[in-house]
1. Test residue 282 against the stated conditions and say whether it is of a type in the set (Val, Ile, Thr) and under 20 Å from the mean Cα position of the chain (by Cα).
2. Please enumerate the residues belonging to the range 111-124 that are closer than 30 Å to residue 267 by Cα and either outside any loop (DSSP other than H, G, I, E, B) or under 26 Å from the mean Cα position of the chain (by Cα) (or both).
3. What are the residues in the range 132-167 that are over 13 Å from residue 548 (Cα atoms), modelled with pLDDT of 95 or more and assigned to a loop (DSSP other than H, G, I, E, B), if any?
4. If you check residue 243 against the conditions, is it assigned to a strand (DSSP E or B), under 30 Å from residue 505 (Cα atoms) and either assigned by TED's automatic domain parsing to the domain that holds residue 343 or not aliphatic (A, V, I, L, M) (or both)?
5. Could you please tell me which pairs satisfy a Cβ distance under 6 Å, a separation of 6+ or placement on different chains, a first residue in the range 335-348 that is in contact (Cβ under 8 Å) with a residue 60 or more places away in the chain and surrounded by 24 or more Cβ atoms within 10 Å (Cβ to Cβ), and a second residue that is among the basic types (Lys, Arg) and assigned to a strand (DSSP E or B)?
6. Can you tell me which residue within the range 178-200, out of those that are in contact with a strand residue (DSSP E or B) (Cβ under 9 Å, 6 or more places away or on another chain) and surrounded by fewer than 21 Cβ atoms within 10 Å (Cβ to Cβ), is nearest to residue 302 (Cα to Cα)?
7. Quick one: count up the residues across the range 215-225 that are over 24 Å from the mean Cα position of the chain (by Cα) and of a type outside the set (Lys, Arg).
Amino acid sequence: MRRQYSIALRGSGAGLASRARSCEATAVIVDPQIDKLVTPGDRPPAPGWAVGVLRNGKPVHVKGYGFADLEHRTCITAATVFHAASLSKQFTACAVLMLAADRKLSLEDRVSDHVPGMPACAARITIRHLLHHTSGLRDQWPLLRLSGWREMDERTEGDVLEIVRSQEELNFEPGEAFTYCNTGYTLLARMVKQVSGESLRRFTGKRIFEPLGMTATHFRDDHRQLLPGRAYGYTDGGPGRFGLWVPNFDLVGSTSLHTTVEDLLVWAETLLAPKRSFAALVPELLRPGILNDGRRLGYGAGMGLGSHRSLDMVRHSGWDLGYVSHLAVYPKRGCAVAILGNLYKLQPALTARHVAEICLRGRFPGEPARRRTLPRPELSKKRGVYRHRRTGWALWIDLTKGGLVLSYGRSAAGSVPASYVPLVPLGRRRFLGSDEVTEVIFDRDSLTVRSEFGVDDVFERAVAAQGPRSLEPCTGTYRSRELGTTLGVGVGHGKGLVVTQHRGPVRPLSPAYEDAFTDDNKATYIFGRDAGGEIDRVMLSAERVHHLRFDRV
């Protein structure tokens, strides 16, 4: 049965209205240590988050912090509805596994059997590939952005299908590698509709949310629909300054789940102690994907599989415009942490780990990672630009006053970007990212980035581009036949290369290695040459899009 958690504001009348401006709300269930840890640092009025915690399978903390709606000064409570972004994927996967259990489809079916019009390059992709992000499909969000779509444009499933059907190449052959891919889960949502005859919203409502009593949860497939009790998403414009940042797309599967921390704790209980039909379903959700060469992934069906201080953990994060989310479950300890927020800069995954440290104090089999101190000359040897062995994607290691930092782009030649990951030394070769999940292992002429899903990306040290050099041969217009869009490459006022695209910003490029440049959006532009040595194309490589070709017009 679904538990109800109530929120009460202290005071009444004028005093209540005064306190509501700062959201001094308290919940019936509060752990003082957790409360102190998760109270946001921003002074009110500010966005915030809702936090729910299970310990030994029972709720020990359920509370909201900050404002759900800054314009109307509505406080966040445990019952506030949030856009949960990629937490959606585990429920989409659950729907697909239910259809497989019903023998309506097989995970070994080709995607093209259920989604008409798939391109020739996708002929060998199966449903299992989509579930485990091993399909090789390029991610829908950067493809839409490169096609001229803006973040606040209305986008639909049809728009994604159109861009998928125009693809001529994959990032890699199906099953050869792992690259997180939202496109795959949009296709799975379409498949659920095709096979069951019901929308993903209706199917999951009848088969998952209603049976579990998750009455506040649904897939929002119409962004115009009114939704009482929801939190609006915000972007940070500086101290005390916030801007509205709310998705208005009608895309489900990879995203668009709307839920509360109350309901997420119900789902966490199901993962910890599944009953009825879920008893057979949950193990399938948690079954790790396997690559063609037999390597096991740290990812199941819409669920991340890993460990925290040697303790098994199931988790997933989400981010969409002004929203963040995270759910972490520790099956062997009956513990779970759910966080839903409405400000993009919040770090729910890191906070959830720290909450778990409180809940599971003395119950971790392993010790916390111990930071080492390395001399700066030792750190300096690791500085430089590195090139992804398969994709050419550029990675930078810089040495700042605080130590080594990792980044995937530059906004101007020679500068460290605003977006970077500090690296904490755990040894001479091994470093831990500030997210406490990503590992970086240095070798003599390479480094390996080990992600939260247990995937190793190898980057080889490259010779940094030396200046000055003539940039004129790179300038021109380049067209992608697959996307039907162009990139303009020119020389900006700062005498460096800049990239322009339809309805997109002007992005300065910084030289990385020979014939390769990076922008401030984690993309690498690799200029290619014909037999005569003339530049005739540019290949774009990023985290989720590899070798996207633009030919010189």
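The values are calculated or read from the model by the stated rules, or taken from the named source; none is laboratory data. Small disclaimer: the values here were computed from a predicted structure and weren't measured. So basically every Cβ, Gly included, is an ideal-geometry build from the backbone, and we count neighbours across all protein chains shown.
1. Values: of a type in the set (Val, Ile, Thr): yes; under 20 Å from the mean Cα position of the chain (by Cα): no.
Against the criterion (of a type in the set (Val, Ile, Thr) and under 20 Å from the mean Cα position of the chain (by Cα)), residue 282 does not qualify.
2. So the first thing to find is which residues in the range 111-124 are closer than 30 Å to residue 267 by Cα, and the list is 111, 114-115.
Of everything in the range 111-124, those that are closer than 30 Å to residue 267 by Cα and either outside any loop (DSSP other than H, G, I, E, B) or under 26 Å from the mean Cα position of the chain (by Cα) (or both) turn out to be 111, 115.
3. Those that are over 13 Å from residue 548 (Cα atoms), modelled with pLDDT of 95 or more and assigned to a loop (DSSP other than H, G, I, E, B): 132, 133, 134, 135.
4. Numbers: assigned to a strand (DSSP E or B): yes; under 30 Å from residue 505 (Cα atoms): yes; either assigned by TED's automatic domain parsing to the domain that holds residue 343 or not aliphatic (A, V, I, L, M) (or both): yes.
So residue 243 passes the test.
5. 335/55
6. Step one: of the range 178-200, the residues in contact with a strand residue (DSSP E or B) (Cβ under 9 Å, 6 or more places away or on another chain) are 178, 180, 189, 199-200.
Still in the list and also surrounded by fewer than 21 Cβ atoms within 10 Å (Cβ to Cβ): 180, 199.
Values: 180: 10, 199: 19 Å.
Only one residue fits best here, namely 180.
7. Of the range 215-225, the ones over 24 Å from the mean Cα position of the chain (by Cα) are 215, 224-225.
Right, trim to of a type outside the set (Lys, Arg) and you get 215, 225.
Looking only at that region, the number is 2.
For (1) assigned by TED's automatic domain parsing to the domain that holds residue 256; (2) surrounded by 19 or more Cβ atoms within 10 Å (Cβ to Cβ); (3) assigned to a loop (DSSP other than H, G, I, E, B), each residue gets a yes or a no:
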{"residue": "60", "(1), (2), (3)": "no, no, no"}
{"residue": "89", "(1), (2), (3)": "yes, yes, no"}
{"residue": "93", "(1), (2), (3)": "yes, yes, no"}
{"residue": "96", "(1), (2), (3)": "yes, yes, no"}
{"residue": "103", "(1), (2), (3)": "yes, no, yes"}
{"residue": "106", "(1), (2), (3)": "yes, no, yes"}
